[in-house]
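Step one of this worksheet: look at the structure below.
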There are 2 protein chains.
Amino acid sequence: MPDSVADMGEFALIDAVTARFPQGRPVLLGPGDDAAVLAVPDGRVVVTTDMLVEGRHFRRDWSGPRDVGRKAAAQNLSDVAAMGARPTAITVSLAAPADLDTGWALEFADGLREECDRVGASVIGGDMVGAEMVVVSVTALGDLEGRQAVLRAGARNGDVVAVCGRLGWAEAGLKVLSRGFRSPRALVEAHRCPDVPYDAGPEAADMGATAMCDVSDGLLADVGHIAERSGVRVDIRLSELGVDEPVREIAGVLGADPVAWVLTGGDDNALVATFPAETALPERWRVIGRVEAGSGVLVDGEPYAGPSGHTHFS
Amino acid sequence: MPDSVADMGEFALIDAVTARFPQGRPVLLGPGDDAAVLAVPDGRVVVTTDMLVEGRHFRRDWSGPRDVGRKAAAQNLSDVAAMGARPTAITVSLAAPADLDTGWALEFADGLREECDRVGASVIGGDMVGAEMVVVSVTALGDLEGRQAVLRAGARNGDVVAVCGRLGWAEAGLKVLSRGFRSPRALVEAHRCPDVPYDAGPEAADMGATAMCDVSDGLLADVGHIAERSGVRVDIRLSELGVDEPVREIAGVLGADPVAWVLTGGDDNALVATFPAETALPERWRVIGRVEAGSGVLVDGEPYAGPSGHTHFS
């Protein structure tokens, strides 16, 4: 096998990568033509896209190719789930230096497939180009299966706010890596790729969620989007929110505030949704706050004083 | 208005860009949520993606932001047309340096819209991230409107090969710019953004095209894809192919071989298709060769000796 993607050549590499992607039933035409064709029996398709840049969203010395592939897929599949839809397919563009190891590209492809396999989605197309750094762009498609899409707008005064998934883990993992450590492993792995509760998205829609989004910018920032779009205020209760044990522990070791990580850390791709107060929520949906009249996001009734979320151009 | 995208901030910039994108009828939910929702009455959606990297696919001193936006859209919309489908929507990811001029980003958005307007497509979503260079990734979606998709496979011995659109223009424009010139303007503009005959794609499908693809890598390379997938040989006839006058003229000035540009130049996004020999083709579809038994691509019955197409990792 040639050492670098340049040695191997674009077409041979595309063939090798494509061979790693089995095609699911809705794929009427997979990779290899000008475009793919996907069956959309619902008559509506959910579409989202996200880009990851080396040095900003991942480092190749902190994340392996499989992690980067999984994360790139997960971020987008998660956005589909956050609409109440089931992810069906992704397309992937990879920009990479000519001297990138062929093995890196192939393991990256394995990561894409692995994450797609978790939801039964197929990798139906892509592009590979040269660049000075690795840039990954994924577009994910999904099927609402007859459900109404759950938007960010729709939360109502009196609703409860609930979360499914992890908060603060990816941020804790990032801080661990930043200090030069490689453990605790669970946190480091949470930074490398989120563990997304995909099926909780359609589940929330079926339970009558009034608004939903995934937590990619940080809980306060993303709940802020729901509050703004819905024209309501959200009050997060710290006593209900809690901090998961591994996050609390490492924050103690590093002398950091774990609550700040839980409130503002991004990249865990938990799902946050609002529900009518009387909704009987399954255990994995933890109520963490209430929707009130007003605007903005409060924490225990007060504006949060710490840093809030991150900006992608900083 | 702030000078740089970093000054303006991610969310304000996204709002300003999004305001430039009117949403067409099939868009059930446009930009601004976790994902968009697009109506797909046909029950099948065509999907394709392409990435453009600064310094590889465009130079910011040779192409303005509107050109880059138009070209990024055009390359993808063209792939949709090459399936015999009508483009309906695109998503766009833009990686850009923090000091990128806000005006650049907004004019880039105008270019996306301008090209989408040519086919009635909408910009339904996107992402903006920081990077050392400008990288654009577009995914385009399309509607087959009941047609059968026209694949690269399907050309049959005895078919004619026909082209709709320009060949060699973008390559001539690139050579002009490479020599430090800014004219002839028509050629330079052809490099900056192709003039794609979008509606010729569905037209070809309706006329019974047996195979089709768009010419993005160069005529010989792309016809080669059809030959390979279809298990046939294609013989291109130079006397039928011809060279457009502006291309011939500037080749004379630069001491270059215009036929090489026509045969191997990329980025014009003409459509090349094969049809049963008895098909009555409209004037804009020029017959340039024949499908024969065998394999590979010949030019006037001989293997072509010049350079053939380009590779993206070189």
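Take the conditions (1) within 27 Å of A:GLU189 (Cβ to Cβ); (2) free of Cβ contacts under 8 Å to residues at least 12 places away in the same chain; A:ASP15 misses just one of them, which is (1).
Residues in the range A:128-139 that are of a type outside the set (A, V, I, L, M) and surrounded by 23 or more Cβ atoms within 10 Å (Cβ to Cβ): A:SER137, A:THR139.
Please verify whether the range B:238-256 includes one or more residues that are in a loop (DSSP other than H, G, I, E, B), farther than 30 Å from B:GLY55 by Cα and at pLDDT 95 or above.
Filtering the range B:238-256 for residues in a loop (DSSP other than H, G, I, E, B) gives B:242-244, B:255-256.
Those still in the list that are farther than 30 Å from B:GLY55 by Cα too: B:242.
Keeping just the survivors that are at pLDDT 95 or above gives none.
No; the residues of the range B:238-256 include none that is in a loop (DSSP other than H, G, I, E, B), farther than 30 Å from B:GLY55 by Cα and at pLDDT 95 or above.
For the range B:165-174, the tally of residues that are open to solvent by 50 Å² or more (accessible area, probe 1.4 Å) and over 18 Å from B:GLY289 (Cα atoms) stands at 1. Of the residues making up the range B:205-244, those that are open to solvent by less than 10 Å² (accessible area, probe 1.4 Å) and closer than 24 Å to B:ASP143 by Cβ are B:ALA211, B:MET212, B:CYS213, B:ASP214, B:VAL215, B:ASP222, B:ILE226.
The set of residues in the range A:62-120 that are of a type outside the set (Val, Ile, Thr), open to solvent by 10 Å² or more (accessible area, probe 1.4 Å), assigned to a helix (DSSP H, G or I) and closer than 17 Å to A:VAL196 by Cβ comprises A:ARG66, A:ASP67, A:ARG70, A:GLN75, A:ASP79, A:ARG113, A:GLU114, A:ASP117, A:ARG118.
For B:ALA98, state whether it is within 8 Å of chain A (Cβ to nearest Cβ), of a type in the set (A, V, I, L, M) and in contact with a Ser or Thr (Cβ under 8 Å, 6 or more places away or on another chain).
The answer is yes for B:ALA98.
Would you be able to say whether some residue in the range A:134-148 is assigned to a helix (DSSP H, G or I), among the hydrophobic types (A, V, I, L, M, F, W, C) and in contact with a Gly (Cβ under 7 Å, 6 or more places away or on another chain)? Checked the range A:134-148: no residue is assigned to a helix (DSSP H, G or I), among the hydrophobic types (A, V, I, L, M, F, W, C) and in contact with a Gly (Cβ under 7 Å, 6 or more places away or on another chain).
Only residues that are assigned to a loop (DSSP other than H, G, I, E, B) and facing chain A (nearest Cβ under 7 Å) were counted in the range B:1-53, giving 6.
Regarding A:VAL243, is this residue out of contact with any Pro (no Cβ under 9 Å at 6 or more places or on another chain), within 14 Å of A:TRP169 (Cβ to Cβ) and β-branched (Val, Ile, Thr)?
On the way: out of contact with any Pro (no Cβ under 9 Å at 6 or more places or on another chain): no; within 14 Å of A:TRP169 (Cβ to Cβ): yes; β-branched (Val, Ile, Thr): yes.
For A:VAL243, the condition - out of contact with any Pro (no Cβ under 9 Å at 6 or more places or on another chain), within 14 Å of A:TRP169 (Cβ to Cβ) and β-branched (Val, Ile, Thr) - is not met.
Have a look at A:GLY55, A:GLY130 and point out the one that is more than 18 Å from A:VAL196 (Cβ to Cβ), in contact (Cβ under 8 Å) with a residue 12 or more places away in the chain and touching a Phe, Trp or Tyr at 6+ places or on another chain (Cβ under 9 Å).
Working: A:GLY55 fails: touching a Phe, Trp or Tyr at 6+ places or on another chain (Cβ under 9 Å).
Result of the check over A:GLY55, A:GLY130: A:GLY130.
Take B:ARG56 and decide whether it is at the interface with chain A (Cβ under 8 Å from one of its Cβ atoms) and either assigned to a loop (DSSP other than H, G, I, E, B) or over 23 Å from the mean Cα position of the chain (by Cα) (or both).
On the way: at the interface with chain A (Cβ under 8 Å from one of its Cβ atoms): yes; either assigned to a loop (DSSP other than H, G, I, E, B) or over 23 Å from the mean Cα position of the chain (by Cα) (or both): yes.
In short, yes.
This table checks each residue for (1) among the aliphatic types (A, V, I, L, M); (2) within 11 Å of chain B (Cβ to nearest Cβ); (3) under 22 Å from A:HIS225 (Cβ atoms).
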site	(1), (2), (3)
A:THR91	no, yes, no
A:LEU94	yes, yes, no
A:TRP104	no, no, no
A:PHE108	no, no, no
A:PHE181	no, no, no
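Would you confirm whether any residue within the range A:156-164 is open to solvent by 10 Å² or more (accessible area, probe 1.4 Å), touching a helix residue (DSSP H, G or I) at 6+ places or on another chain (Cβ under 9 Å) and not charged (D, E, K, R)? Can you show your working first?
Step one: of the range A:156-164, the residues open to solvent by 10 Å² or more (accessible area, probe 1.4 Å) are A:156-158, A:160.
Still in the running and touching a helix residue (DSSP H, G or I) at 6+ places or on another chain (Cβ under 9 Å): A:156.
Imposing the further condition that a residue be not charged (D, E, K, R) reduces the set to none.
No - not one qualifying residue is present in the range A:156-164.
Restricting attention to the range A:195-235, which residues are of a type in the set (Asp, Glu), within 13 Å of another protein chain (Cβ to nearest Cβ) and closer than 18 Å to A:THR88 by Cβ? Let's see the steps before the verdict.
Taking the range A:195-235 as the starting set, the residues that turn out to be of a type in the set (Asp, Glu) are A:195, A:199, A:203, A:206, A:214, A:217, A:222, A:228, A:235.
Those still in the list that are within 13 Å of another protein chain (Cβ to nearest Cβ) too: A:214, A:217, A:222, A:228.
Listed by number, the list holds a single entry, A:ASP214.
Of the helices (runs of 4 or more DSSP H) lying entirely inside the range B:152-223, the ones with 3 or more residues being under 21 Å from B:GLY306 (Cα atoms) are found at B:169-178. Checking each residue in the range B:272-291 for being part of a strand (DSSP E or B) and more than 10 Å from B:ALA204 (Cβ to Cβ) picks out B:ARG286, B:VAL287, B:ILE288, B:GLY289, B:ARG290, B:VAL291. Selection of the range A:175-204 for residues being in contact (Cβ under 8 Å) with a residue 24 or more places away in the chain, open to solvent by 20 Å² or more (accessible area, probe 1.4 Å) and farther than 20 Å from A:GLU114 by Cα yields A:LYS175, A:ARG179, A:PRO184, A:GLU203. Being within 16 Å of the chain's Cα centre (by Cα), surrounded by 19 or more Cβ atoms within 10 Å (Cβ to Cβ) and over 21 Å from B:GLU54 (Cα atoms) holds for only one residue in B:GLY142, B:GLY125, and it is B:GLY142. Here B:LEU263 meets the list (1) touching a Gly at 6+ places or on another chain (Cβ under 9 Å); (2) more than 29 Å from B:VAL176 (Cα to Cα); (3) not aromatic (Phe, Trp, Tyr) almost entirely, failing just condition (2). Can you confirm whether the range A:118-138 contains a residue that is touching a Lys or Arg at 6+ places or on another chain (Cβ under 8 Å), more than 9 Å from chain B (Cβ to nearest Cβ) and charged (D, E, K, R)? Taking every residue of the range A:118-138 in turn, none turns out to be touching a Lys or Arg at 6+ places or on another chain (Cβ under 8 Å), more than 9 Å from chain B (Cβ to nearest Cβ) and charged (D, E, K, R).
Looking only at the range B:19-37, residues that are modelled with pLDDT under 95 and open to solvent by less than 40 Å² (accessible area, probe 1.4 Å) come to 1 in all.
The values are calculated or read from the model by the stated rules, or taken from the named source; none is laboratory data. If you're wondering where the values come from, they're calculated on a predicted model, not measured in any experiment. No Cβ is skipped: glycine too gets one built from the backbone with ideal geometry, and neighbour counts run over all protein chains shown. Note: areas computed on protein heavy atoms with side chains; ligands, DNA, RNA excluded. Shrake-Rupley method; radii C 1.70, N 1.55, O 1.52, S 1.80 Å.
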